[in-house]
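The block underneath contains the structure these notes are about, expressed in structure tokens.
The values are calculated or read from the model by the stated rules, or taken from the named source; none is laboratory data. Remember, it's a predicted structure, so these values are computed and weren't measured experimentally. When we count neighbours, we look across all protein chains shown, and the Cβ atoms used for this are built from the backbone with ideal geometry, even at glycine.
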RNA sequence: GGUGACGUGACCGAGUGGCUAGGUAGAGGUCUGCAAAACCUCCUACGGCGGUUCGAAUCCGCCCGUCACCUCCA
């Protein structure tokens, strides 16, 4: 069964066909690095991490691009001076690029904790000013942009005459005009309120600025993704992802820029949007008090949650909902996810035991076939627009079967070693390679060691020297030597 | 006002025109020195009102309610 994906552009699921098979190009809109990443920032990267992992599992060489936005966006169109990055830099008395680097580093660390593989290319907007200027020049040449007072704006009505603007988000230019009437004030530079900036003239106090044919300034909000995706993935590539909130205006503008500059393509063939996360039923916001940064989430109580939740629990929790559905985080939901996650991980350990006791004989054909069919289910559900909740359900079904087999040697023999091995491999592959869930060891080595030493001391006191020798040898295998001192039993790392 | 999504059992969350989602929690049981795990059985469902249909929780209409986007936002 081929992989089907839901395309926001067509509002339908369709079998996935790479533009240049077997290679697949994926672009995900990355973070603007001016503050700590929060729970909501985790969903897109996790979803598209599973997507790229699955594409690779299916044998596609994937080029996964996730940008870092380090040219801060303006707070609003009317505000020419307040740039998010510069604002953060001023508040922290730092160079803007220092702020960007700081949060980019933290972002990468958080993504690694969440089990997201690093992108193949992680381009930064500030390093691609040349490409962005080149793209603006093309758009101007094609008549879809105009210069005004050192800034360049995309001419939405003009573009709309040739290509429909608003296809992705299903909006019409006329409707938007009706809806934005009140906002007309103070937008004198723009010919139409929907026009968006490709290049902004820098006010004197603006720090981040670059020379351009239109004077000193900086690129507009939406341009970097068009320029960088084109550079690294081509004028038409396979999959463009992002949060639902980016659909309009960001992605709509990207399509317009790509169509208007070069290629008469929609930039990407498939547009995928992950839905949002709410916390205790409401959108995260600082004023509601349910805003949760990833740092706080992983470390302790935050934003209406009573305790810390580990990165893998969060990942499992996110995968338990379909990526196009909204998901609500709460203590109840996360605690249930934690137990489910641990159950799945305990399954991985069970596989090792099963493999050790697997029968060599082929088993009964029907039983073997049945086990293989059960083991094929998780991937089948992933084929259906990445249905991770169903895939997880199928994994739990499979795990139940493993548990049953582990307790019943007769049934184990019926299934046969070959089918068992294949089923175990399927479980392990989907859980770890595709869903990216790994075991988070929780046992405290120091405490376990203290326990072993207490048994040692007890055995010694009982003069049970056979037991004493066993404990000492086992610890030595772990590189730990026991030291009997007058003060009591101590330990040290072996110097051998 | 425009666009889109949604309302499923104690909680989270899939799915489907008739056939078990799954996880968590709860009840009983098997196993067990005790416990845990595991397994078996059970429990509470599809917002309301109409319509289409042999049959709808699943399709259509209306109503009620919730959320998101339309300004930066994952």
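Points to keep in mind about this one:
- Search result, residues across the range A:195-237 that are part of a loop (DSSP other than H, G, I, E, B) and closer than 16 Å to residue A:135 by Cβ: A:212, A:213, A:214, A:220, A:221, A:222, A:234, A:235, A:236
- For the range A:187-194, the condition of being part of a loop (DSSP other than H, G, I, E, B) and modelled with pLDDT under 75 holds for at least one residue.
- The numbered conditions (1) over 21 Å from residue A:324 (Cα atoms); (2) within 15 Å of RNA strand B (Cβ to nearest atom) are all true for residue A:41 except (1).
- Only a single criterion out of (1) within 15 Å of RNA strand B (Cβ to nearest atom); (2) closer than 26 Å to residue A:337 by Cβ; (3) surrounded by 14 or more Cβ atoms within 10 Å (Cβ to Cβ) is not satisfied by residue A:429, namely (1).
- Residue A:76 being part of a loop (DSSP other than H, G, I, E, B), modelled with pLDDT under 90 and closer than 30 Å to residue A:435 by Cα: no
- Yes/no for residue A:436 being surrounded by 14 or more Cβ atoms within 10 Å (Cβ to Cβ), over 28 Å from residue A:16 (Cα atoms) and either at pLDDT 95 or above or more than 16 Å from RNA strand B (Cβ to nearest atom) (or both): no
- Check on residue A:306, within 8 Å of RNA strand B (Cβ to nearest atom) and modelled with pLDDT under 95: no
- Across the range A:363-385, the number of residues qualifying as more than 9 Å from RNA strand B (Cβ to nearest atom) and in contact with a helix residue (DSSP H, G or I) (Cβ under 6 Å, 6 or more places away or on another chain) comes to 11.
- Of the residues in the range A:369-376, not one is closer than 30 Å to residue A:291 by Cα and surrounded by 19 or more Cβ atoms within 10 Å (Cβ to Cβ).
- Inter-residue pairs, beta-carbon under 9 Å, first closer than 14 Å to residue A:11 by Cβ and modelled with pLDDT of 90 or more and in the range A:266-285, second within 7 Å of RNA strand B (Cβ to nearest atom) and part of a strand (DSSP E or B), 6+ apart: A:271/A:242; A:272/A:242; A:273/A:242; A:273/A:243
- Subset of the range A:392-404 [within 9 Å of RNA strand B (Cβ to nearest atom) and surrounded by 16 or more Cβ atoms within 10 Å (Cβ to Cβ)]: A:392, A:394, A:395, A:399, A:401, A:402
- Total residues in the range A:122-135 satisfying the condition of being farther than 13 Å from residue A:225 by Cα and either part of a strand (DSSP E or B) or free of Cβ contacts under 8 Å to residues at least 12 places away in the same chain (or both): the figure is 1.
- Scanning the range A:192-221 for residues that are away from RNA strand B (no atom under 16 Å from the Cβ) and touching a helix residue (DSSP H, G or I) at 6+ places or on another chain (Cβ under 8 Å) yields A:206, A:207, A:210, A:212, A:213.
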